[in-house]
Amino acid sequence: MSITDKAPAAPGIKDRIADLLAKTPKGLLIDGRWRDASDGATFDVENPATGEVIATLASATREDAQAAMNAAATAQESWARTPARERSEILRAAFDLVQERYDDLALLMTLEMGKPFAEAQGEVKYGGEFLRWFSEEAVRDYGRYTESPEGTLRMLVSRKPVGPCLLITPWNFPLAMATRKVAPAVAAGCTMVLKPARLTPLTSQYFAQIMIDAGLPAGVLNVVSSASAAAVSEPIMADPRLRKVSFTGSTPVGKQLMKLATDNVLRTSMELGGNGPLLVFEDADIDKAVAGAMAAKMRNMGEACTAANRLLVHESVAEEFVTKLAEKMSALTVGNGVDEGVTVGPLVEAKARDSVEEFVADAVSRGAEVVVGGARVDGPGYFYQPTLLRNVPRDARAVTEEIFGPVAPVVTFKDEDEAVELANSTEYGLASYVFTENISRGLRIGDRIEFGLMGLNVGVISNAAAPFGGVKQSGLGREGGAEGIAEYTTTQYIGIENPWGALPPSGSGTPA
Ligand code: NAD
């Protein structure tokens, strides 16, 4: 299979891309100014659909990271005192600017990450919603004022910004992973240093300019893209003024950061890897399950932490499910995401494509059968065919590890207990999906499944208004929903003397 016979991109696209890349900031954002790295170092960003270098950015050094931390620490006090309404309106203005610059953001994501343009537009919608949601939450961060049970004290409980934060994002959702952290931090009154992924920094750079255009004061958001993640994260995490690290990425890197976080007892939010099961019971609507599997497996070329990694299907409906899924997967069009009609883009880099190839080879060597796909696609670029595997043994790496590619392994089960046992037999616990028309069964599985998120008869559940996050080694904390802002606040209690002066009569407690 080759990708060269696909319909070409719209006319004029080359000029549009050149303009867009020219206007995307390439420097480091420190204290409100875009500037070069202290030693002049740079790194290249590649288009994974073509292998071409599309931009060269400043690469932050340890000194730059320290300067960004200084800017965040200096801005913290006045930002925390800025009225919530002002913070809210900046977020709302940023939301409006994202709507105005919708296709610029989508195109940048397609160029640096590879996802098809229509999917990238979907991410702009999803990612933008965090700005709108947290603009609304910013003014509703309530505390409470109560009397102690003994009547001896008045108790004032309020939420305060936790302080300067380090935000580290992955390459697979370049806009949404940034807005999901930046928006609640802004809403709560925290300043921050954002370190985007080396492979996909352009969207974050462009988004940071949107925040400036929306009126965010200097120093509140600092952006330090870099070829070396550790050069940036280490000095910042060692700085005693940092109060929180919020990380989205792989579990091994998350664990390293948690270790570093112990020295300064930092608050941590960790959105880590997944190995999501998608369960199809014998009483499922199979067409619905197939549509759900397509969305949960194939979205973002399978490069999603919420991806349905394993398709667990009751043995009595496996044949029908595999036949219908094979039909849908065969109809997908692989190609450069800027081209018309393309539904599956490239993997993000050669290493990612090679890793997918190894997962398939391992499964096949253990007896799995390839129903659709099963091979790389000739380049340039890092393409792999949408692949459906059946009779996949439970110890195949495609079942036990996160695949992060367009490969769907089908494993069968006999009954509900076995389905739950299979679903939970992983150290991960992020997203899961259940297809059954028996709602009692669906809710029962909800009680038994060890995952932070579960879709019931639906393959896409992420929403700015919902708390997103995992259990077990998929992480700590929640992003989005009312929970999302709480991650950036700390609770303060002020005990106040009884305004009536004397202690109430008998039966009252003694102040400790
Ligand atoms: P990654 O862990 O390699 O990188 C994530 C970020 O951490 C990048 O910015 C990277 O530069 C940085 N990083 C890498 N090493 C570092 C270090 N030593 N110190 C500080 N920062 C470091 O992950 P990735 O390949 O970019 O993303 C894919 C992973 O992210 C998958 O496992 C996926 O499941 C996970 N993910 C999770 C969620 C979620 O919400 N739970 C969302 C998206 C992706």
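Remarks
- Scanning segment 329-356 for residues that are assigned to a helix (DSSP H, G or I) and either surrounded by 17 or more Cβ atoms within 10 Å (Cβ to Cβ) or of a type in the set (A, V, I, L, M, F, W, C) (or both) yields a count of 6.
- Members of segment 421-438 found to be closer than 26 Å to Gly254 by Cβ and not charged (D, E, K, R), listed by number: Leu422, Ala423, Asn424, Ser425, Thr426, Tyr428, Gly429, Leu430, Ala431, Ser432, Tyr433
- Residues that are within 27 Å of Arg87 (Cβ to Cβ) and surrounded by 19 or more Cβ atoms within 10 Å (Cβ to Cβ) within segment 218-236 comprise Gly219, Val220, Leu221, Asn222, Val223, Val224, Ser225, Val232, Ser233, Ile236, listed in sequence order.
- Inclusion of Pro196 among residues that are at negative phi, surrounded by fewer than 24 Cβ atoms within 10 Å (Cβ to Cβ), near the ligand (Cβ under 9 Å from one of its atoms) and not assigned by TED's automatic domain parsing to the domain that holds Gly405 is not warranted.
- Yes/no for Gly122 being farther than 25 Å from Val224 by Cα, surrounded by 14 or more Cβ atoms within 10 Å (Cβ to Cβ), within 16 Å of the ligand (Cβ to nearest atom) and modelled with pLDDT of 95 or more: yes
- Members of segment 262-285 found to be of a type in the set (Val, Ile, Thr) and either in contact (Cβ under 8 Å) with a residue 60 or more places away in the chain or not in a helix (DSSP H, G or I) (or both), listed by number: Val265, Thr268, Val280
- Flag if Gly40 is of a type in the set (Gly, Ala, Ser) and more than 24 Å from Thr179 (Cβ to Cβ): yes
- Residue that is nearest to Ala68 (Cα to Cα), among those in segment 1-57 that are crowded, with 17+ Cβ neighbours inside 10 Å and at pLDDT below 95: Ala9
- Complete set of residues in segment 228-261 that are part of a loop (DSSP other than H, G, I, E, B), in contact (Cβ under 8 Å) with a residue 40 or more places away in the chain and more than 9 Å from the ligand (Cβ to nearest atom): Asp239, Arg241, Leu242, Arg243
- Scanning segment 163-219 for residues that are hydroxyl-bearing (Ser, Thr, Tyr) and part of a helix (DSSP H, G or I) gives Thr179, Thr203, Ser204, Tyr206.
- Answer from Lys160, Lys115 - the residue that is closer than 26 Å to Ala350 by Cα and outside any helix (DSSP H, G or I): Lys115
- Residue in segment 300-310 that is within 10 Å of the ligand (Cβ to nearest atom), charged (D, E, K, R) and surrounded by fewer than 23 Cβ atoms within 10 Å (Cβ to Cβ) present: no
The values are calculated or read from the model by the stated rules, or taken from the named source; none is laboratory data. All of these numbers come straight from a predicted model, not from anything done at the bench. Every residue, glycine among them, receives a Cβ derived from its backbone with ideal geometry; neighbour counts consider all protein chains shown.
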